[in-house]
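A short write-up of the structure that comes next.
The values are calculated or read from the model by the stated rules, or taken from the named source; none is laboratory data. None of the values given here were measured: they were computed from a predicted structure. Cβ: placed from backbone, ideal geometry, glycine included. Neighbour counts: every protein chain shown.
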Amino acid sequence: MPVYITPAGYKKIVDEYNWLHTSERPRITAEVSYAASLGDRSENSEYLYGKRRLREIDKRLLFLRGRLEKIEVVDPTLFSGDIVRFGATVEIEDEDGRAQRWTIRGEDEVDMENHVISYVSPLGQALLGRADGDSVVFESPRGRREVTITAILFPSPNS
């Protein structure tokens, strides 16, 4: 099953992978080699920390490599219309009349502080495929909620 992501999200993952692979891992490897040359490794905190950091880097590289194999880049600037699709920014109003604005992106792009949710989140799934004016019901951490879509916006190609 593909993992959808925007071009900006894809670039962020590729940049992190390249930095870890070509910069961070070689730097830590050199530090571990130097620390190992100092002698007793069992009490050498630089050596022990460096080995632990290398394991963390290798684990992250493995995760990112696997992620990159599954990713399908979707450019939301190619979409328009009145149906919620991946990459749309959706304005909603809840039962109490409170308005919110959420952008639907990939799992690796979630940023709750900036109101970016995943397309696989309960709200994201409830909104996808719906139209302006539709009411949707979804399960939130605070229980069952209903919201009404008040606007659907897509990014412009030059934004």
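A few points about this structure:
- Residues that are touching a Phe, Trp or Tyr at 6+ places or on another chain (Cβ under 6 Å) and surrounded by 17 or more Cβ atoms within 10 Å (Cβ to Cβ) within region 99-121 comprise Ile104, Gly106, Ile117, Tyr119, listed in sequence order.
- Lone unmet requirement of (1) surrounded by 12 or more Cβ atoms within 10 Å (Cβ to Cβ); (2) within 26 Å of Pro2 (Cα to Cα) for Ala131: (1)
- Residue in region 75-114 that is nearest to the chain's Cα centre (by Cα), counting only those that are under 15 Å from Pro155 (Cβ atoms), of a type in the set (Val, Ile, Thr) and outside any helix (DSSP H, G or I): Ile104
- Some residue of region 24-34 being over 23 Å from the mean Cα position of the chain (by Cα), over 30 Å from Gly106 (Cβ atoms) and of a type in the set (Lys, Arg): no
- Of all residues making up region 124-138, the number that are outside any loop (DSSP other than H, G, I, E, B), in contact (Cβ under 8 Å) with a residue 12 or more places away in the chain and either more than 14 Å from Glu91 (Cβ to Cβ) or touching a helix residue (DSSP H, G or I) at 6+ places or on another chain (Cβ under 9 Å) (or both): 5
- In a residue-by-residue description of region 37-55, the property of being modelled with pLDDT of 95 or more and either surrounded by 14 or more Cβ atoms within 10 Å (Cβ to Cβ) or on the phi > 0 side of the Ramachandran plot (or both) applies to at least one position.
Table: residues versus (1) touching a residue at least 60 places away in the same chain (Cβ under 8 Å); (2) outside the structural domain of Glu107 (by TED's automatic domain parsing); (3) more than 27 Å from Leu128 (Cα to Cα).
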position: Pro7; (1), (2), (3): yes, yes, no
position: Tyr10; (1), (2), (3): yes, yes, no
position: His21; (1), (2), (3): no, yes, yes
position: Glu69; (1), (2), (3): no, yes, no
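- For region 54-64, the condition holds for at least one residue, the condition being that it is farther than 30 Å from Gly133 by Cβ, assigned to a helix (DSSP H, G or I) and more than 23 Å from the chain's Cα centre (by Cα).
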